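Heads up, the thing below is written out as structure tokens.
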Amino acid sequence: MKNGDIVQKLLAWFARHARDLPWRRTRDPYAIWVSEIMLQQTQVKTVLPYWRRWLRALPHLAALADAPPATLHKLWEGLGYYARVRNLQRAAQIIQQQHHGRFPRDFDAVRALPGIGRYTAGAICSIAFNQPRPVLDGNVMRVLARLYGVAGNPRAGRANARLWELAEALVRRAAGLRARRGCAALNQSLMELGALVCAPRQPRCALCPVSGACVAHRTGRVAELPERPRRTRPTPRRFMAFVVDRHGRVLVRQRPAGGVNARLWEFPNVEVAPGDSDARAAARKALGRLPAALEPLAVLPHTITRYRITLAAYRAAWRGETTPSRAGARWVERRALNQLAFAGAHRKILRQLQAGPGKPS
DNA sequence: TAGCCGTGGAT
DNA sequence: TATCCAAGGCT
């Protein structure tokens with residue numbers, strides 16, 4: 001089967017089976033851009049409510065460029081990879097200054113914006129502007145590695161370069177057809193096929209429109225392709241968090257810029273050694289002599305690196321020597337905690353706190 | 001190049 | 001429970 005036939009099959013399949021997603025109902029590059037950033041390493045189902053809320057709060061590019069960072073963090077809270085939201089605003093400001101507030105259509109200009117790599121630039125240019133630019137995300141890597149029998153690490157080296165070539169050949173073919181918005185549809189069809197049919201495990205080859213052309217299917221290598229290099233194992237780490245309540249106000253701290261959960265808020269916490277079965281005792285020991293009111297509430301299970309409040313900042317805050325500009329620690333009214341952006345286990349602690357007099361975990 | 005950067009869902 | 005993975009980018 002030739003590439004032209006593959007493209008036709010994919011387009012026909014996509015026309016029938018594409019999910020009705022809200023960002024597919026618009027051609028506004030701003031809205032599509034926001035969806036692409038949110039969707040990086042994030043599932044569609046997770047993104048949906050965030051995207052809707054974002055577009056209501058910040059309906060156009062100028063609103064994003066001028067928004068207070070705290071508002072953006074709150075809108076992004078829980079989505080993860082928080083550098084994305086900061087890059088989003090930086091890019092919006094660059095567009096305001098260098099592109100007169102109009103989202104650029106030139107691929108290289110789009111690619112140059114912070115937070116936009118080769119994939120995202122291709123996605124925006126093809127989906128919003130129907131340009132023949134290839135996309136290669138996790139879905140497309142899987143589809144093309146199987147369809148064309150591409151061995152090797154699809155995320156690096158020669159295999160990756162080959163997959164980009166294949167993706168480009170297909171989208172160029174789509175551009176040559178009469179199909180309306182063929183580039184936009186072709187790229188999305190590859191991603192949609194990977195999401196709905198050509199799944200990582202137990203792919204539904206019986207439903208695949210291009211199984212007749214699929215090298216992996218023909219040679220019985222669907223399960224082996226794409227190759228997956230071993231991922232680096234995360235090192236489990238535990239942290240003990242404290243909810244310190246003084247007359248209805250709670251001690252929280254803003255994390256520094258750079259590193260994990262940069263600039264988001266957290267409850268004071270200390271790391272507990274893996275061998276310590278009694279996390280509270282270990283945390284007490286780590287903190288030294290504690291005020292009577294300081295009662296540990298929850299253990300933060302974490303598998304990420306670098307996640308630690310400085311004890312100096314914590315102790316200074318407790319003694320009332322808080323200098324928010326440096327330590328970032330504050331006493332905040334319980335109700336006002338809602339207005340701050342927390343991440344990870346701290347979000348769960350906050351929910352627990354607001355659910356009432358919950359039990360310590 | 002490979003490790004960092006979050007979170008939730010699926011198996 | 002352990003592992004993988006999701007519309008990746010950056011360094």
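In this structure the amide hydrogen of A:W265, modeled in the peptide plane, comes within under 5 Å of the amide hydrogens of A:R255, A:A341, A:F342, A:A343, none closer than 5 places in sequence on its chain.
Of the trypsin sites (Lys or Arg not before Pro) in the stretch A:30-105, the ones in a loop by DSSP (not H, G, I, E or B) with at most 15 other beta carbons within 10 Å are A:R102, A:R105. As a fraction of the 1.4 Å probe accessible area of the stretch A:3-219, surface on carbon and sulfur atoms comes out at 48 percent.
Based on C-alpha pairs under 8 angstrom that are at least 6 apart in sequence, the stretch A:3-219 has a relative contact order of 24 percent. Alpha carbon centre of the stretch A:27-68 versus the stretch A:133-162: separation in Å? Centre-to-centre (Cα) distance: 27 Å. In this structure, the amide hydrogen of A:E271, modeled 1.01 Å from its nitrogen in the peptide plane, lies closer than 5 angstrom to those of A:M240, counting only residues at least 5 positions away or on a different chain.
Averaged over its residues, the stretch A:99-252 has an accessible area of 50 Å² per residue, based on protein heavy atoms and a 1.4 Å probe. In a fully extended conformation the segment linking A:R118 and A:E333 would gain 73.0 nm over its present Cα-Cα distance, using 0.36 nm per residue.
Annotation for the stretch A:75-127: chymotrypsin sites (Phe, Trp or Tyr not before Pro) lying in DSSP loop with at most 15 further Cβ atoms inside 10 Å of their Cβ are A:Y81.
Taking a sphere under 12 Å around the Cβ of A:G248 and counting the other residues whose Cβ falls inside, with K and R at +1 and D and E at -1, yields a net charge of +2. In percent, rounded to a whole number, the relative contact order of the stretch A:133-206 is 37, using alpha-carbon pairs under 8 Å and six or more apart. Ordering A:H17, A:L61, A:T42 by the projection of their Cα atoms onto the charge dipole of the stretch A:1-65, which places +1 on the Cβ of Lys and Arg and -1 on the Cβ of Asp and Glu, puts A:H17 at the extreme positive end. Taking amide hydrogens as placed 1.01 Å from N in the peptide plane, the amide H of A:A329 sits under 5 Å from those of A:Q254, A:T323, each at least 5 positions away in sequence or on another chain.
The values are calculated or read from the model by the stated rules, or taken from the named source; none is laboratory data. As the structure is a prediction and not an experimental result, all values here were calculated from the model. Here Cβ is always computed from backbone atoms with ideal geometry, including for glycine, and neighbour counts include all displayed protein chains. Just the protein is used for accessible areas: all its heavy atoms, side chains included, with ligands, DNA and RNA removed. Shrake-Rupley method; radii C 1.70, N 1.55, O 1.52, S 1.80 Å.
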